[in-house]
């Protein structure tokens, strides 16, 4: 099955693909977007999070083809900072009170307009940024108010590959899928395993 047919019918539509084709910066909320949204604490009160390896590899591939990636979360989290470092991200923003302002600042540093930005979020704290960027995306498990206002909603739920679904769409829209698959077929093992934890 090709990546085009694997995407949802909406994703195959011209409007969504055109929005995806313009994206040069992909911004992601964390809790409820790249994680399932549940807050877990160990016996000593330390927060834990679970990230999907498919999402991680997708984010690495975006950067490999020249699409910048940013984590933007309202929670202060060393776990998010660590995951960002593992993925080689330079734009990891935690304890953010104004996500739109952060998106604007990153876009300005990159010299791009907000129409070249995607933002994936799941609830009201993300809405301000989502309504201003060129491509607003929500995971299937996002709150209904957010899903209704997104340009595209993934099939996958948060923390279960929703991030990778967006990455695949962006790679498809930019015409990079075949080159990535061919390059991977030429490699022995997974050259990105060290930073994604993806050893399959």
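Descriptive notes on the structure:
- Between residue 50 and residue 187, the contour length at 0.36 nm per residue exceeds the Cα-Cα span by 46.5 nm.
- If R0 equals 25 Å, the separation of the Cβ atoms of residue 38 and residue 98 corresponds to a calculated FRET efficiency of about 0.50.
- Helix-only CD estimate at 222 nm, as mean residue ellipticity for the chain, using -39500 (n - 2.57) per DSSP H run (n ≥ 4): -12000 deg cm²/dmol
- Here each label is just a point 7 Å from Cα along the line to Cβ, and for residue 15 and residue 131 those points are 1.8 nm apart.
- Per-peptide average of other Cβ atoms within 10 Å, ordering 41-53, 78-90 highest first: 78-90, 41-53
- Compactness ratio for segment 56-117: Cα radius of gyration over 2.2 N^0.38 Å (N = residue count) comes to 1.12.
- Computed as a quarter of the hull surface, the mean projected area of the alpha carbon convex hull for the chain stands at 11.0 nm².
- Share, in percent, of DSSP beta bridges within the chain that are antiparallel, nearest 5: 10 percent
- Distance between modelled label sites at residue 180 and residue 110, nm, 7 Å Cα→Cβ extension: 1.5 nm
- Per-residue packing, averaged as other Cβ atoms within 10 Å, sorts the ranges 96-104, 151-159, 118-126, 178-186 into the order 118-126, 151-159, 96-104, 178-186, beginning with the highest.
Bear in mind these aren't lab numbers, they're just calculated from the coordinates by the rules spelled out. Since the model is a prediction, treat every value here as computed from it, not as a measurement. Counting neighbours? That spans all protein chains shown, and the Cβs are built from the backbone with ideal geometry, glycine included.
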